[in-house]
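A quick write-up on the structure given underneath.
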Amino acid sequence: MFFPVMIDLSDIDVLVVGGGKIAYRKVKKLLNFGGRIRVVALDFCQEFYAENEASIRMFKRAFEDTDLDGVDLVYTATDNSDLNAHISDLCRSRKILVNRVDDHTDSSFINMASTSKVYDGQDVLLAVSCFGQNPSLTKYICKKLEEDFLEDR
């Protein structure tokens, strides 16, 4: 069972394995919250090249087991299920939190859809989860919550 928690990423080393659009969306979201981000992929979608962030280090090559050295948090977002499973197994054996985007049941954490806004002078973050089973529904609910509760006052 997953436990909802918020993590301060300011001093966290994050590894994203994969260079496609899903990996890019994960990186884009992570950039909003800080952290040092390393991305390893055989190839990168165009969006990665348009991103001009010093906090992203990109390595165009195959994943190596040693890529996990010194890492605190991992996203596996490749189109290779066997590789994703291998990385997840390695992370679990090393007690590294891992999110396997192609199989949430093989993840030690999942992300929630979230929205944040300043409301009545206070920072507010709303987060919703369907435990990885229906990302479209969680995004819809999150959007509705923002519209209903975080409209400008």
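Explain nothing, just compute: Karplus ³J(HN,Hα) = 6.51 cos²θ - 1.76 cosθ + 1.60, θ = phi - 60°, for every residue of segment 18-25 in order, whole Hz, x for Gly and Pro.
Calculated HN-Hα couplings, in order: x, x, x, 5, 5, 4, 4, 4 Hz.
Using only Cα positions of the chain, each an equal point scatterer, no hydration layer, compute I(q)/I(0) via Debye at q = 0.14 Å⁻¹ and quote the log10 values to two decimals.
Treating every Cα as an identical point scatterer, log10 I(q)/I(0) equals -0.72.
Quick one: Karplus J couplings for segment 95-110, per residue in order, coefficients 6.51, -1.76, 1.60, θ = phi - 60°, nearest Hz, x for Gly and Pro?
3J(HN,Hα) across segment 95-110, in whole Hz: 6, 9, 5, 9, 10, 9, 5, 8, 7, 5, 6, 9, 10, 8, 8, 10.
Relative to the Cα centre, what is the charge dipole magnitude of segment 9-106, using +1 at the beta carbon of each Lys and Arg, -1 at the beta carbon of each Asp and Glu, and rounding to the nearest 20 debye?
Around 300 debye, computed over segment 9-106.
Extension gain Lys95-Lys21, at 0.36 nm per residue separation less the Cα-Cα distance, in nm?
The Lys95-Lys21 span can extend by a further 23.9 nm.
Quick query: amide H of Val39 versus all other amide H atoms, modeled in the peptide plane; which residues come in under 5 Å with a sequence gap of 5 or more or a different chain?
Amide H neighbours of Val39: Val16, Arg57, Met58, Phe59.
Which aspartates and glutamates, on any chain, are close to Lys143 with Cα under 14 Å apart, when same-chain ones fewer than 8 places away are left out?
Glu151
From the phi of every residue in segment 74-88, what ³J(HN,Hα) in whole Hz does the Karplus formula 6.51 cos²θ - 1.76 cosθ + 1.60 yield, where θ is phi - 60° and glycine or proline is x?
Values per residue, Gly and Pro as x: 10, 10, 9, 9, 9, 8, 10, 4, 5, 5, 4, 5, 4, 5, 4 Hz.
Using a 10 angstrom cutoff on alpha carbons, build the Gaussian network for the chain and name the most mobile of Leu90, Leu73, Leu125.
Leu125
Under 12 Å from the Cβ of Asp65, count the other residues' Cβ atoms, weight Lys and Arg +1, Asp and Glu -1, and hand me the total.
Once positives and negatives cancel, what remains is -3.
Based on the alpha-carbon set only, what is the convex hull volume of segment 1-56 divided per residue, in Å³?
Each residue corresponds to 94 Å³ of Cα convex hull volume.
Output the peptides 40-50, 77-87 sorted from most to least packed, where packing is the average of other Cβ atoms within 10 Å over each peptide's residues.
77-87, 40-50
Relative contact order (percent) for the chain, with alpha-carbon contacts under 8 angstrom and 6 or more residues of separation?
Worked out over the chain, it gives 17 percent.
When only DSSP loop residues count, what trypsin sites (Lys or Arg not before Pro) in segment 49-116 have their Cβ near at most 13 other Cβ atoms within 10 Å?
Sparse-neighbourhood loop trypsin sites (Lys or Arg not before Pro): Arg61, Arg94, Lys95.
Starting from the Kirkwood radius over alpha-carbon pairs of segment 111-151, derive D by Stokes-Einstein at 10 °C in a medium of 1.306 mPa s and give it in µm² s⁻¹.
Answer, rounded: 153 µm²/s.
Restrict the search to segment 69-153; then list the GluC sites (Glu not before Pro) that DSSP places in a loop and that have at most 10 other Cβ atoms within 10 Å of their Cβ.
Counting only loop positions with at most 10 other Cβ atoms within 10 Å, the GluC sites (Glu not before Pro) in segment 69-153 are Glu151.
Values in this text are rule-based calculations from the coordinates and carry no lab data. Note that the structure is a prediction, hence the values are computed from the model and not measured. Virtual Cβ from ideal backbone geometry, glycine too; neighbours counted across all protein chains shown.
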